[in-house]
Every structure is written in structure tokens, then in C-alpha cells.
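**Q** Below you'll find the structure I mean.
The values are calculated or read from the model by the stated rules, or taken from the named source; none is laboratory data. Nothing here was measured: the structure is a model prediction, and the numbers come from that model. Cβ: placed from backbone, ideal geometry, glycine included. Neighbour counts: every protein chain shown. The protein model used for the area step is the full one, side chains on, heavy atoms only, and it has no ligands, DNA or RNA in it. Shrake-Rupley method; radii C 1.70, N 1.55, O 1.52, S 1.80 Å.
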Amino acid sequence: MGERDPNLNHWADFAAEKTLRAHPDREQVAVAAGITPSGVVHIGNFREVITVDLVARALRDRGVAVRFIYSWDDFDVFRKVPKDAPQQAMLTEQLGRSISAVPDPWGEHDSYASHHIAGFETSLAALGISPEFIRQSARYRQGAYSEGIAKALAGADKIREILNAVRRENGAKTLLADDWLPLSGFCDACGKDPLSFKWDGAWSVHYVCGACQHEADVDLREGGNLKLPWRVDWPMRWEAEKVCFEPGGKDHSSAGGSYDTAKDIVREIFAWQAPQYVGYDFVSVKGQGGKISSSKGGVVTVLDCLEVYEPEVLRWIVASYRPNTEFAISFDLDVIKIYEDYDRMLRLAYVGDDGGRKDKKRQTARRTMQLSDVQHRPIEAGTPAPWLPGFRHLSVIVQIFEGDVDATRRFYEGEGQTLSEEERRRFDARTQCVWRWIETYAPDDFRYEIRREPAKRAVEGDAAVALGRLVALLKATPDADDATLGASLKTLLDGLNVERGDFYPVIYDLLVGRDRGPKLSTLLAAMGGARSVPLLSASLG
């Protein structure tokens, strides 16, 4: 492996190194992820695929050819109707069928499974994740796993021994029967799954459907509607696809869980070794609590997150945690802090090393940011960091321009900020995220709207004098920037018998219909004299 590069310091780099040590002679390293699309594919499911993506990137950075597989286990049984799915009665009738054969209740795709698959694949592309997608329903029906099924049937006694040992330890009420076969599938007549099987010892399986009593003989080499049950299917595909790394959720990682039995089955039945493994913890949504469940409905998807989080920031959120750490996705005011933390680490990543104690922290930031970058671009230490508008400040400005990205950008450019092509792209993406957050998630006291028509108020005495001074200032310098206006506002009340705490609420009321708002100099600079003067002068009498 040679001397370790200090810039390859992420947990994904160590997982990649372990994987290469376990498979030193592989010319191509296969890494895998997958899920059953039995409901909305949510942000919790995203943690698995990005975990694999991070390790795949780390492997490629070592010059290794990588095959990144994402399996859609759409040949699984449709067992539960999500509460928020349409056509509940129709879906209830489909229980017991393969989810690849269930009609799409939204009427948009060729099946229920395809509907959920399409949205998730679209979201992954936006995040720079492009695995080789495999539909397991197609692979099984094509007969691609016939040899694996035959091996499992030949080793049924050993598989039963492995699974029964776990069942005894976990206090299961029933053990697998002596005539149990590692098979499942769907009736060719009714499409349901309660099948019983007999195997001829070669390639033919006879089944009887417990739902409609249909009987048939299946030649495994020709494919069809038979498959292996999950605990046997997983290790079979490890060998078939020569998988070297695959993570799993903590529900699979417990003692006696599916990974434990799978590593025994893959060794004993399929003569392959279990892939290097990382167990990852759950992702929750702040305010909901607990593990996300598609069957309960109302789940948060990756596309939902991309409404508020830039792709780079969403990748960073996951990459900045170790896999075994649970965390929550937030949509409240925590979003501001998350963006601030991201920007802080990005700036740190560009600071050059100086041989001091902080070098390790900078190197870690550099690697984390590279892995978070959609295009996986390395950061050159000591070069200027790209400029990004702060989320909090941007949330003030974009409301002044009512979500207009171009107008918001022109304001920053008018303040003297020069944007490169990449900075312009990031600016536009962040502004859109900020605006969507304001519209959908920001608390009411965080939102404001510029008045469209003047509101006349009775402003008298020194307050009227101050208002007149402000209007005159804005007329004289309608394009003044934030700093200039800030300096002028400091002397606006000089010599007058009125306090800032009494006067500013009057101005905010005339501009935004509230007694408080964003920093006044920022608000006035962004509005400009053309917008602010008519709203203020109407109350001068």
C-alpha cells in the first residue's frame, strides 16, 4: 500500500484501504448498495448509497477500477400499503405480489416499484452519484441467478442449520422444517406468493400456490418468477457480482442479523468471502423522531432535502459524520447553522499547512470537502477559497427581491462582489435554496415583505424631522451601499429628541409593515431610493 497519504484521512479512505487489503488481486473492485422500493425512497435510505459512493471515490483515488452497483430489490413482496399512497383499495388487492408487478397508483410509470425508483435515481444524479442500477426482478426472470439458486438448493441443509442456529439464539418460536427449501416466488397464475416447493435435484422446481392452487414446473435456467429469500439472496449476489464492499444499517448489523448469517452462507455455500462491511446508523428528521418508515407516509425524500440544501451541502452533512453516528436532517433555523458550519469548513480547507498542530484539521477539512464536492475536485491548499454568500445575509436580501435570483445577484455585484463562473453557479443554487426555505420552512418572524403601497402614518415632531432627513439622504444617494448608509444612519438622529428604539420601528412599519426587520442599512441599500422613498415620504405630510 505504500506510505499513507495524510490527505487520504477520511473514514471512507480507511474503509477503502481495508477493502483493498482483503482483495489484493482484484483488477476491479465491486462495491454495492441496494434497497426494496416498497414505498417512498427516503433520506434515511440515502445514507447507504452515499456511504458506498464515498468509498468508491476513495478507491478510485488509489487508482483502482471500481464497479458501483445499486440493486433495486423490486422482486420482493408487496406487504404493506403506505398510508399516504393513492388508490388504497387497489393497492390492498395487490398485497402478496411482487412490487415490480403492482400497478402504479399515480399512473406515471409501468409499476409501483418503477414510480419510487424514478424519483430516487433522479435525485442521485444531482448529487454526482451514478451507480450501475440493477433491477433484480429482471435479473431473476432472465435466469441470471440460476446457478446461484441451484447452489442454494443443493446446500439447503447447511443453510437451514445456519439460520436455525440464529433462530434458537433469538428465541424464535419455530425452526425451519427439515423439508424447507431456500426458495420463494410468485404464482404464474395469480401472482401471489404463498408457494410450496419440491426440487428434483437438478434444474426443475415444482410449486403449488396456496392462494389459487395452481401448479407448475419451472426450469431454473429459463428464469421465471422464483427467487431466493432475502437472507440467502444477499450472499448469493455477493458471489455472483464479486462484491468487495457493502455497508448495512444497524438493523442488519446486530449479532445474529442478516449480515452475520450471510457471511456464513456465502462462505459455506457460494465459496466467496463476505465483503468488507460498514454498519451505519439511522438518519431521522428533526421533530419526527425515530427511524423513518415509508409505510407510515409523509417521509422526507432526497429531492425534498435538495429543495433546501445545495447538493454539496447535503453530501457534506453525511460525509462529516462517521457512519455509526445517528443524526437528524433539519428544516428549521438549524439550516442556517448547518450552512455556516459548511462555509467555515470550506474556508479552512483552503488554508495552507504550516507544519503546526492545525495541519491535521486542515487536511481533514480538505478531504471532507473534496468528497462532498459533486465533481470530486481536490482542493489546493493555500489558494483563495471561493466566495459564497452567507445563508443568513442572503435570506434577508432575497426577500427584498421576492425570490428573484438575478436581482439578488446584481445587488451583491453592486456591493463590489466579483463572481467567477463557478461562484455564480453556486450563488444561484444557494439563493434558490434559501428562497424555498423561506417560503416553506422559515418561522413567521423570520419572513417579511416589502410594502407594495405606501401606508400613511402620523409622524410628528423630531421623528418627522428624522424621517425627512432619511428621505433627503435616500433621494440624494439612491444607490448608496450598505456601508455608506450604515455610517449615515449613525448620525441621523443627532440633535433630535428621539431615540433610535422609538424611531426605527416607525421606519420598519413604513417599509415592511412590522416594528422590526433586517438590519436597516442593508434593507435600504438593497431596496434603493427608488423603492424606499415613496414608502417613506407618504407619511411626511
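**Q** Could you tell me whether residue 185 is closer than 23 Å to residue 136 by Cα, without any contact (Cβ under 8 Å) to a residue 12 or more places away in the chain and open to solvent by less than 20 Å² (accessible area, probe 1.4 Å)?
**A** Values: closer than 23 Å to residue 136 by Cα: yes; without any contact (Cβ under 8 Å) to a residue 12 or more places away in the chain: no; open to solvent by less than 20 Å² (accessible area, probe 1.4 Å): yes.
The answer is no for residue 185.
**Q** While we're looking at this one, here's another question. For the condition within 20 Å of residue 18 (Cβ to Cβ), of a type in the set (Gly, Ala, Ser), at pLDDT 85 or above and out of contact with any Leu (no Cβ under 8 Å at 6 or more places or on another chain), what is the one hit in 279, 249?
**A** Result of the check over 279, 249: 279.
**Q** Tally time: how many residues in the range 405-421 are open to solvent by 70 Å² or more (accessible area, probe 1.4 Å) and either part of a loop (DSSP other than H, G, I, E, B) or of a type in the set (Lys, Arg) (or both)?
**A** So the answer is 3.
**Q** Mind telling me which of the residues 66, 55, 49 ends up being more than 30 Å from residue 195 (Cα to Cα), part of a strand (DSSP E or B) and touching a residue at least 24 places away in the same chain (Cβ under 8 Å)?
**A** 66
**Q** Kindly check whether there is at least one residue in the range 13-29 that is within 30 Å of residue 308 (Cα to Cα) and either open to solvent by 10 Å² or more (accessible area, probe 1.4 Å) or part of a helix (DSSP H, G or I) (or both).
**A** Checked the range 13-29: at least one residue is within 30 Å of residue 308 (Cα to Cα) and either open to solvent by 10 Å² or more (accessible area, probe 1.4 Å) or part of a helix (DSSP H, G or I) (or both).
**Q** Tell me which of these residue 100 doesn't satisfy, since it passes every other one: (1) outside any loop (DSSP other than H, G, I, E, B); (2) touching a helix residue (DSSP H, G or I) at 6+ places or on another chain (Cβ under 9 Å); (3) polar (S, T, N, Q).
**A** (1)
**Q** Which one of the conditions (1) buried (at least 22 other Cβ atoms within 10 Å of the Cβ); (2) within 21 Å of residue 317 (Cβ to Cβ); (3) modelled with pLDDT of 95 or more; (4) among the hydrophobic types (A, V, I, L, M, F, W, C) does residue 41 fail to meet, given that it meets all the rest?
**A** (3) is the only condition that residue 41 fails.
**Q** Any idea which of 208, 232, 266 is assigned to a strand (DSSP E or B), β-branched (Val, Ile, Thr) and either modelled with pLDDT of 95 or more or under 28 Å from the mean Cα position of the chain (by Cα) (or both)?
**A** Only one candidate passes the filter, namely 208.
**Q** Any residue at all in the range 118-139 that is open to solvent by less than 30 Å² (accessible area, probe 1.4 Å), aromatic (Phe, Trp, Tyr) and modelled with pLDDT of 95 or more?
**A** No, that holds for no residue.
**Q** What do you reckon, is residue 297 surrounded by fewer than 21 Cβ atoms within 10 Å (Cβ to Cβ), farther than 25 Å from residue 323 by Cα and at pLDDT below 95? Before you say what the answer is, go through the steps one by one.
**A** Numbers: surrounded by fewer than 21 Cβ atoms within 10 Å (Cβ to Cβ): yes; farther than 25 Å from residue 323 by Cα: yes; at pLDDT below 95: yes.
Yes, satisfied.
**Q** Would you check which residues across the range 312-343 are open to solvent by 40 Å² or more (accessible area, probe 1.4 Å) and either in contact with a Cys (Cβ under 9 Å, 6 or more places away or on another chain) or in contact (Cβ under 8 Å) with a residue 40 or more places away in the chain (or both) and list them?
**A** 320, 322, 324, 325, 326, 328, 332, 333, 334, 340
**Q** Looking at (1) modelled with pLDDT of 95 or more; (2) in a loop (DSSP other than H, G, I, E, B), which is the only condition residue 5 fails?
**A** (1)
**Q** When residues of the range 383-396 are filtered for being at pLDDT 95 or above and either open to solvent by less than 60 Å² (accessible area, probe 1.4 Å) or farther than 21 Å from residue 347 by Cβ (or both), how many remain?
**A** Residues meeting the conditions: 9.
**Q** Restricting attention to the range 482-539, report how many residues are free of Cβ contacts under 8 Å to residues at least 40 places away in the same chain, within 18 Å of residue 459 (Cβ to Cβ) and of a type outside the set (D, E, K, R).
**A** Going through the range 482-539 one residue at a time, the tally reaches 12.
**Q** For residues in the range 70-99 being among the polar types (S, T, N, Q) and open to solvent by 40 Å² or more (accessible area, probe 1.4 Å), which is farthest from the chain's Cα centre (by Cα)?
**A** Filtering the range 70-99 for residues that are among the polar types (S, T, N, Q) and open to solvent by 40 Å² or more (accessible area, probe 1.4 Å), the one farthest from the chain's Cα centre (by Cα) comes out as 92.
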